[in-house]
Amino acid sequence: WEFRTQARGTLEFGARYASRRRASLSNIQTNYYTPYSLPAYTVCHAAYALPRRAGRLHLRVNNLFNVGWAEPGYRGFDIPSRPREIQLTFGWRY
């Protein structure tokens, strides 16, 4: 979802959903051949961009609600998620 105005900038909100995922074969073997699956998750982001003349200020927050999840990995471990990230960028055109 994105909302734009000429004077006040752009506000953006997005979400991504991942359903349940089965563990990799190597992790199932490491887990004494007991199959398991990783739970579903939804991760959201929000951003705000403010253009001013030749400059542009952009603020983005990834993993807005600090949701923890894991992706299927190998050799006995699953890959953990990244925590909330905040990015602030300033650009200038000349």
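The table for this structure:
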{"quantity": "Paramagnetic reach from residue 28 in segment 47-83 [backbone N under 18 Å; point 7 Å along Cα→Cβ]", "calculated": "71-79"}
{"quantity": "Net dipole in debye of the chain [+1 Lys, Arg Cβ; -1 Asp, Glu Cβ; about Cα centre; nearest 20]", "calculated": "420 debye"}
{"quantity": "Residue-normalised accessible area of the chain, given per residue in Å² at a 1.4 Å probe", "calculated": "79 Å²"}
{"quantity": "Percent accessible area from carbon and sulfur atoms, the chain, protein chains only, probe 1.4 Å", "calculated": "58 percent"}
{"quantity": "Charge dipole of the chain about the Cα centre (unit charges at C-beta), most positive-ward option of 87, 18, 74", "calculated": "87"}
{"quantity": "Within segment 54-94, trypsin sites (Lys or Arg not before Pro) in DSSP loop having at most 10 other beta-carbon neighbours inside 10 Å", "calculated": "75, 93"}
{"quantity": "Per-bin percent of Cα-Cα distances, the chain [10 Å]", "calculated": "15, 31, 23, 17, 11, 4, 0"}
{"quantity": "Residue-wise HN-Hα coupling along segment 73-87, computed from phi with Karplus coefficients 6.51, -1.76, 1.60 (Hz; x: Gly, Pro)", "calculated": "x, 9, 6, x, 9, 9, 7, x, 6, 8, x, 4, 10, 10, 10"}
{"quantity": "Rounded to whole Hz, the Karplus (6.51, -1.76, 1.60) HN-Hα couplings of segment 42-51, x for glycine and proline", "calculated": "10, 10, 10, 9, 9, 8, 9, 10, 10, x"}
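The values are calculated or read from the model by the stated rules, or taken from the named source; none is laboratory data. Worth saying up front: this structure is predicted, and the values here are computed from it rather than measured. When we count neighbours, we look across all protein chains shown, and the Cβ atoms used for this are built from the backbone with ideal geometry, even at glycine. When the accessible area is computed, the model is the full protein with side chains, heavy atoms only, and any ligands, DNA or RNA have been set aside. Shrake-Rupley method; radii C 1.70, N 1.55, O 1.52, S 1.80 Å.
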